[in-house]
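The values are calculated or read from the model by the stated rules, or taken from the named source; none is laboratory data. Values in this document were obtained by computation on a predicted structure and should not be read as measured data. Note that each Cβ is placed from the backbone with ideal geometry, even for glycine, and that neighbours are counted across all protein chains shown. With ligands, DNA and RNA removed, areas are computed over all heavy atoms of the protein, side chains included. Shrake-Rupley method; radii C 1.70, N 1.55, O 1.52, S 1.80 Å.
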Amino acid sequence: MSFGQRFATWRYVINTANLPEGARMDAVSKWLLVTRAAVFSMTFTSGLIGALLAVGSGLVVNYWWLVLSVIGLVVAHAGNNMINDYFDLEGGVDTDEYVRALYAPHPVLSGLLSMRQLGAAILVVNAVDLAILLVLVAARGPLIAAFALAGLFISVFYVAPPIRLKHRGLGEPGVFVVWGPLMIGGTFFAATGQIPGWVWVASLPYAILVTTVLFGKHIDKIGPDGARGVRTLPVLLGEEPAKRIAQALMIAFYPIVVGAAVVGWLGPFALLVVLGIPRLVEVLRIFGAPRPAEAPPDYPIWPLWFVSAAFIHTRRAGALLVAGLFLNAVLPMLQLPWVG
C-alpha cells in the first residue's frame, strides 16, 4: 500500500470513525479507530481557543507550555474514549447489538484489542499525560494540576462505577465543564500563568457547542439507553424536549460570541461566527424533523443521526471562532479596547 493510499485511509477513519470498505488496516488506522480520533477535532479546537485567547490577551505567553498543554488535552481525550469503552463493556452496556458497536468498531467487540490490551493502552496514555502534567506543574505550579485532575475525575467517572455520571443525567454538564472552562481555561493558564475572569466567560460558547454534540448522540440512543437504565438527559427529558434544548443551545452560541466581541473580550473578528448561521439553520431543520427510517446512501455511522448534524455545525462554528481569534491575535491594532 502506498503512502497516498494509507493517508486516504487515515483521513477516512478520522472523518467517519470507520475503515473504508475493502481497505487494509495498518497500525495507524487501528489506533485511530481504537481511540475514536474522529472526535479529536473538538478537543483540538478547545485547546486552540485557549491558546489564541492567551496570544491575544497581551500577557506574556510561553509557547512551549502552550503546545504541550494542547498535546496533553488530545492525549487525555484518547484516554477518555478508551476508558468509556472499557467500563461500558465491563458494565454490560456495550454489546454487539448496542449502538456503540453498530456505528463504528468497538475496540474489544470488533476484535481490535483484548480487554487486557485496552486496559494497558489506557494506562499508557494516562502515563504520558501524567508526564506532561508534571512538567506543567513544575512550570506553572499546582493550579495546573487542579485543571487536569478535575478533567480526569469527570473523564473516569463519566461511565466508571460507583458514580457513573452519564447514568445520572450528569454526563452533559460534565462535558460542558471539561470542553469549556477546564480545557480552554487550562490552556490559557498553561500558556500565561494567569487566569483572568473574562477567560471563564470566553470559554462558554464553544463548551455549549460540544454539549450539543453529546445531546445529539444521546438523543440517537434514547431507546437503547433507556432499556439499559442509562439515564442521560435526553432519556430523562424525552426526545422532543431534548431536541428543543439542543436547538436552543446551538442558537445561544451566536449571541454569546457576538456579545463577548462587542464588549472586547473576544475582539471584533470573532464576529466571523455569524457566517455559520446558514449551517445552523440546516441543522435546526434536521433536529426539527424525525430521524429517517433507514440510513441514507453511503451514510457511515448509522444508526446515529442527530449527532452527526450537531458535530458538523460545531465543527463549522468552532472553526470560524478560531479563525476570528487568530485574526484578533495577529491584527491587535484593530481590536476594541480589551476588557480585563
Check your understanding: With each pseudo-label sitting 7 Å past Cα toward Cβ, what's the Ile163-Ala139 distance in nm, one decimal?
Key -> 2.7 nm
Practice item. Can you run the Rg to Rh ratio on region 202-278? Use alpha carbon positions and the Kirkwood inverse-distance Rh. Key: 1.12
Check your understanding: Ratio of region 188-340's C-alpha Rg to 2.2 N^0.38 Å, to two decimals?
Key -> 1.20
Check your understanding: Taking a quarter of the surface of the convex hull around the Cα atoms of region 1-92, what do you get in nm²?
Key -> 8.0 nm²
**Study point:** Sequence of Ser41, Ser46 when ordered by accessible area, the most exposed leading, probe 1.4 angstrom
**Key:** Ser41, Ser46
Check your understanding: How would you order 50-57, 118-125 from highest to lowest mean count of nearby Cβ atoms within 10 Å?
Key -> 50-57, 118-125
Exercise for review: Please work out how much accessible surface Glu97 shows to a 1.4 Å probe, ignoring ligands, DNA and RNA, in Å² rounded to 10.
Suggested key: 140 Å²
**Study point:** Hydrodynamic radius by Kirkwood, which averages 1/r over all alpha carbon pairs of region 30-81, in angstrom
**Key:** 11.8 Å
Check your understanding: Relative contact order (percent) for region 174-275, with alpha-carbon contacts under 8 angstrom and 6 or more residues of separation?
Key -> 24 percent
Point to revise | Mean Cα-pair separation over length for the chain, i.e. relative contact order, pairs under 8 Å, 6 or more apart, % | key: 20 percent
Exercise for review: Give me the orientation-averaged projected area of the Cα convex hull of the chain, in nm², one decimal.
Suggested key: 17.3 nm²
**Study point:** Under Karplus coefficients 6.51, -1.76 and 1.60, residue-wise ³J(HN,Hα) of region 238-246 in Hz, glycine/proline x
**Key:** x, 5, 5, x, 5, 5, 5, 5, 4
Check your understanding: Using mean Cβ contacts within 10 Å as the protection proxy, how do 314-320, 205-211, 158-164 order, highest first?
Key -> 205-211, 314-320, 158-164
Study note, to complete from the structure: Unit-weight point scatterers at every alpha-carbon of region 91-226, Debye formula, q = 0.18 1/Å: log10 I(q)/I(0) is -1.17
**Study point:** Straight-distance crosslink candidates among lysines, where the alpha carbon sits under 16 Å from Lys217 and sequence neighbours closer than 8 are dropped
**Key:** Lys166, Lys243
Review point. Roughly how tilted is helix 277-287, in degrees to the nearest 10 and between 0 and 90, from the longest Cα axis of the chain?
Key: 30 degrees
Exercise for review: Can you tell me the 0 to 90 degree angle between the C-alpha axis of helix 204-220 and the longest principal axis of the chain, rounded to 10?
Suggested key: 10 degrees
Review point. Hey, in the GNM for the chain with a 10 angstrom Cα cutoff, which one of Val258, Val60, Val274 fluctuates hardest?
Key: Val60
Practice item. Please work out how much length the chain gains when fully extended from Ala146 to Glu282, using 0.36 nm per residue of separation minus the C-alpha to C-alpha distance, in nm with one decimal. Key: 45.0 nm
Point to revise | Listed residues Trp64, Trp302, Trp31 arranged by accessible area, highest first, probe 1.4 Å | key: Trp64, Trp31, Trp302
